[in-house]
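The values are calculated or read from the model by the stated rules, or taken from the named source; none is laboratory data. Since we're looking at a predicted model, the values are computed, not measured. Cβ placement follows ideal geometry from the backbone for every residue including glycine, while neighbour counts extend to all protein chains displayed. Heavy atoms of the whole protein, side chains included, go into the accessibility calculation; ligands, DNA and RNA do not. Shrake-Rupley method; radii C 1.70, N 1.55, O 1.52, S 1.80 Å.
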Amino acid sequence: MISEKMAQRLNDQINLEFFSSYTYLSMAAYFKTQGLNGFAHWMLHQADEERAHGMKFFEYLYDQDRSAVLQAIKQPHTTFASALAVFEETLSHEKHVTASIVELMSLALEEKDHATRILLDWFINEQVEEEAAARDIRDRLKLVKDNAMGILLIDRELAART
Ligand code: MG
């Protein structure tokens, strides 16, 4: 069984993962209004992934004889200035999530909670990939600036995400 404190922190992390999912769903909605269906597709996929992250912690709490206590999900931003602004926000949000996972890892090490540490190893690696993916798209959007052809080219590429 994990500590009470760890169970609380994991519940907070469930909320952050679901907030991430909600954020990306809101970004998908924005892209749909812009006619950028490839970007919307990418964000819908991302929203599903974040929900799955939340569910990993949800299931883990029961594996450790603890319970999930769901908290209110904050409203995500609903308007964005541009595709670039969306990916700047995505990158900074993922950095925030990484910091949260690192804090959980520090607590697991402090408590000699090796089971949770091993669970968190996966998330530490996942965050490297999340940040890299957001940075890659952000950098290409910076290159194309307001060029519609450039944005449509990236849109077509993002439509292929599976
Ligand atoms: Mg996540």
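Based on every Cα atom in the chain, Rg and the maximum pairwise Cα distance Dmax equal 17.2, 55 Å. The distance linking region 94-162 with region 37-76 is 15 Å (Cα centroid to Cα centroid, whole angstrom). The listed residues M55, M105 rank as M55, M105 when sorted by accessible area, largest first, using a 1.4 Å probe. In the chain, helices alone account for a calculated mean residue ellipticity at 222 nm of -28000 deg cm²/dmol, with every DSSP H run of four or more residues adding -39,500 (n - 2.57).
The slack between Q34 and K74, meaning 0.36 nm per residue of separation minus the straight C-alpha distance, is 12.0 nm.
Think of a 1.4 Å ball rolled over the protein heavy atoms: the chain then has 54 Å² of accessible area per residue. State, as an integer percentage, the relative contact order of the chain based on alpha-carbon contacts under 8 Å between residues 6 or more apart. Normalised by residue count, the contact order of the chain is 31 percent. Peptides 127-138, 41-52, 10-21, ordered by how many other C-beta atoms sit within 10 Å of their residues on average, highest first, read 10-21, 41-52, 127-138. Once both labels are positioned 7 Å from their Cα atoms along Cα-to-Cβ, the gap between R135 and A81 label points is 2.2 nm. Kindly identify region 69-109 as rounded, prolate or oblate by the Cα gyration tensor criterion: order the square roots of the eigenvalues as a ≥ b ≥ c, call it rounded if a/c is under 1.5, otherwise compare a/b with b/c, prolate if a/b is larger, else oblate. Oblate shape, in that a/c is at least 1.5 and b/c is the bigger or equal ratio. Where the alpha-carbon atoms of region 1-45 are placed on the principal axes, they occupy 48, 13, 6 Å, in descending order. On a 0 to 90 degree scale, rounded to 10, what angle separates helix 4-33 from the longest Cα axis of the chain? So the inclination is approximately 10 degrees. Here's the list of lysines a cross-link from K112 could span, going by alpha-carbon distance under 26 Å and ignoring same-chain residues fewer than 8 apart: K5, K56, K95.
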